[in-house]
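Working notes, beginning with the structure itself.
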Amino acid sequence: EDRLRKHVLDDFSKLFTKIFQSYPYVRAGDEESSDPVEKKWDELTDEEKSEVTDVANAYATSAELALHETCGDDKQKFKLVSSAFYGLRTLISAPRSLYLMLKFNLSKDDRAAVHRRISSGGLPASTLVHMSPEDLASEDQQKSRRELEDEALAQSILQKTRAPTAKIT
C-alpha cells in the first residue's frame, strides 16, 4: 500500500463522512429504484446511520481512486502555481495540489449546494475530481464572481465614438 494514498483516503473518509452526516439522504423503503430523501441526522435509525456512513466511506474510496487515476503514479507531473505572497512561484505536484484544492473547498460549510449534490448521489466522485475551484465555490462567491466578470466586460468594451459627418475646415 502506498502511504500517500492511504493518507488521502483517510482524509477523504473523514471529510465525506462529515458531509454525508450533515446532509443525510436515505432511500424511502427497501426499493433501490426510489429516489433518496433528505432527513435530519437525529431522525435516522441506527441502521440508516450505518448505511449513510458506509455510503460516505464508499464515496471517499471512489474519490481517492478517481484522484489517483486522474493524476496517475507519475511522480514527474508538476504544475507551476503562483503564490499570493510576493508573487513567488513554486512547483507543486499535480496530485497534491488537486487533493489540497478538494480538501479546502469541500471542508467549507458554505458549500451546501455541492455537499447536497454529493450526498444525494447527484455528483459522482469521478466528476468531482475534475471540477474547478470556481465550480466548488459557494453560491454567493459564484454570484459575486459573475458580477465582477460582467462589470469588467462592460468596462472593457470600447464605446464607438462619433465623428463628424462633414469635414470641418
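The values are calculated or read from the model by the stated rules, or taken from the named source; none is laboratory data. Source: prediction; values computed, not measured. Cβ: placed from backbone, ideal geometry, glycine included. Neighbour counts: every protein chain shown. Note: accessible area is taken over every heavy atom of the protein model, side chains too, but ligands, DNA and RNA are not part of it. Shrake-Rupley method; radii C 1.70, N 1.55, O 1.52, S 1.80 Å.
Where Lys and Arg each count +1 and Asp and Glu each count -1, what net charge lies around Glu151 among other residues with Cβ under 15 Å from its Cβ? Within the 15 Å Cβ shell, the charges total 0. With all protein chains in place and a 1.4 Å probe, the accessible surface of region 93-167 carries 53 percent carbon and sulfur.
Highest mean first, the peptides 36-43, 120-127 sorted by other C-beta atoms within 10 Å per residue fall in the order 120-127, 36-43.
Within the shell of other residues whose beta carbon sits under 10 angstrom from the beta carbon of Ser120, the net charge comes to 0, with Lys and Arg scored +1 and Asp and Glu -1. Counted residue by residue at 0.36 nm each, then reduced by the alpha carbon distance between them, the extension gain from Glu51 to Lys108 reaches 18.1 nm.
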